[in-house]
Amino acid sequence: MKLQSKTKKILFVAAIIGSLAVVGTVIGVVVVEVKKNRNSQASTNNNANNNHSGTSSASSGGSSGATPTSTGAADPIVTDFPLDPALHKSFWGMAYTPPGAIMPECGANITAVRKDMEKLSQLTTRLRLYGSDCNTTSLVVSAQLS
């Protein structure tokens, strides 16, 4: 009787350990696959963003009068403003509202937005605009294209 009870306990513990091993293996495989997928998407997005922003920056006629500068990346992005060596792509994205673009003031201007874009473009490739008051969207797009 005692031997049967002890055997049942051993089998029960072995079944639990086996189940945990299977669950751990499945979780490990899923994590590895997700990381692979994210890395391949990130490299694809970075290449696309570098190519897109390099095209739009190179064709723009900037107002700063600075000589074109390269970022030093494998696929260099030519800019028409001096790069700040203290800044690097350190944010996935940022929320942005131009100064003076809050109702009822509506005092935002393209010059201020363009200066902000020069700094923000060195920190991130993604911006989120929370409002369209005071022509905010048009100002940001115009500053990015010019």
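The values are calculated or read from the model by the stated rules, or taken from the named source; none is laboratory data. What you are looking at is a predicted structure, and each value in this text was computed from that prediction instead of being measured. Here the Cβ is made from the backbone with ideal geometry for all residues, glycine too, and neighbour counts use every protein chain on show. We work out accessible area using only protein heavy atoms, side chains counted, and drop any ligands, DNA or RNA first. Shrake-Rupley method; radii C 1.70, N 1.55, O 1.52, S 1.80 Å.
Taking the range 106-140 as the range and being of a type in the set (V, I, T) and either open to solvent by 30 Å² or more (accessible area, probe 1.4 Å) or touching a Lys or Arg at 6+ places or on another chain (Cβ under 6 Å) (or both) as the test, the residues that pass are I110, T111, T125, T137. The residues listed here are N37, N50; of these, the one that is in a helix (DSSP H, G or I), modelled with pLDDT under 85 and surrounded by 12 or more Cβ atoms within 10 Å (Cβ to Cβ) is N50.
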